[in-house]
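The values are calculated or read from the model by the stated rules, or taken from the named source; none is laboratory data. All figures in this text were calculated on a predicted structure; none of them were measured in a lab. Note that we place each Cβ from the backbone using ideal geometry, even for glycine, and neighbour counts take in every protein chain shown. Areas reflect the complete protein model, heavy atoms only, side chains present, ligands, DNA and RNA absent. Shrake-Rupley method; radii C 1.70, N 1.55, O 1.52, S 1.80 Å.
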Amino acid sequence: VTLHLNPISSVHIHQKPLVFLLNSPLPLVWKLKTERLAPGIRRVFFVSVGSVVQFEKGNFSLSAETEEKFFPEKNEHLLQWAQKEYGAVTSFTELKISRNIYVKVGE
């Protein structure tokens, strides 16, 4: 699955930390494609056990962290866990089948 990340239209270059929970019932390879995300900013990708994140060429991966995690099985529990762990959830998406996911990051 390719995860496309770019800032909302009102933000020229996104310069804030991000945390993503990438959960799947089966192990996946998450391919990351980014546009206009500032280098050197901490970005964390938690993936379900057996999954990996592949970064594009460039220095984005130097400031990104990937960690395997056991997530709660049901989406309601996952959302509650994320809110408790991080204090807020700005976006939650559930997809049954997808090859590309487009996420706009910003304020």
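For this structure, a couple of remarks:
- In the range 1-44, the inverse of the mean reciprocal separation of distinct Cα atoms equals 11.8 Å; this is its Kirkwood hydrodynamic radius.
- In the range 21-107, the trypsin sites (Lys or Arg not before Pro) that fall in loop regions by DSSP, at most 14 other Cβ within 10 Å: R36, R42, K57, K74, K96, R99
- One equal scatterer on each Cα of the range 17-67, no solvent, Debye formula: the resulting log10 I(q)/I(0) at q = 0.17, 0.22, 0.23, 0.29 Å⁻¹ is -0.48, -0.78, -0.85, -1.21.
- Residues whose placed amide H lies under 5 Å from that of S24, excluding near-sequence neighbours: S48
- Distances between placed amide hydrogens fall under 5 Å for T2 paired with K31, N100, I101, all partners being 5 or more residues away or on another chain.
- Average Cα contact separation per residue, the chain, under 8 Å, 6 or more apart, as relative contact order %: 33 percent
- Pairs exceeding a 27 Å alpha-carbon distance, out of K33/K96; K57/K84; K31/K104: K57/K84.
- The 3J(HN,Hα) values that the Karplus relation (6.51, -1.76, 1.60; θ = phi - 60°) gives for the range 77-84 are, in residue order, 5, 5, 5, 4, 4, 5, 5, 5 Hz. Gly and Pro appear as x.
- Here's how it looks for L18: its modeled amide H is under 5 Å from those of R43, V44, which are all 5 or more places away or on a different chain.
- Each Lys or Arg adds one and each Asp or Glu subtracts one; over the other residues with Cβ under 12 Å from the Cβ of V53, this totals -1.
- Accessible area (Å², per residue) of the range 13-107, counting only protein heavy atoms and a probe of 1.4 Å: 73 Å²
- Pairwise Cα distances in the range 29-96 exceed 20 Å in 38 percent of cases.
- In the chain, the DSSP beta bridges split such that about 0 percent are antiparallel, to the nearest 5.
- Surface composition of the chain: carbon plus sulfur atoms contribute 52% of the solvent-accessible area (1.4 Å probe, protein chains only, all chains present).
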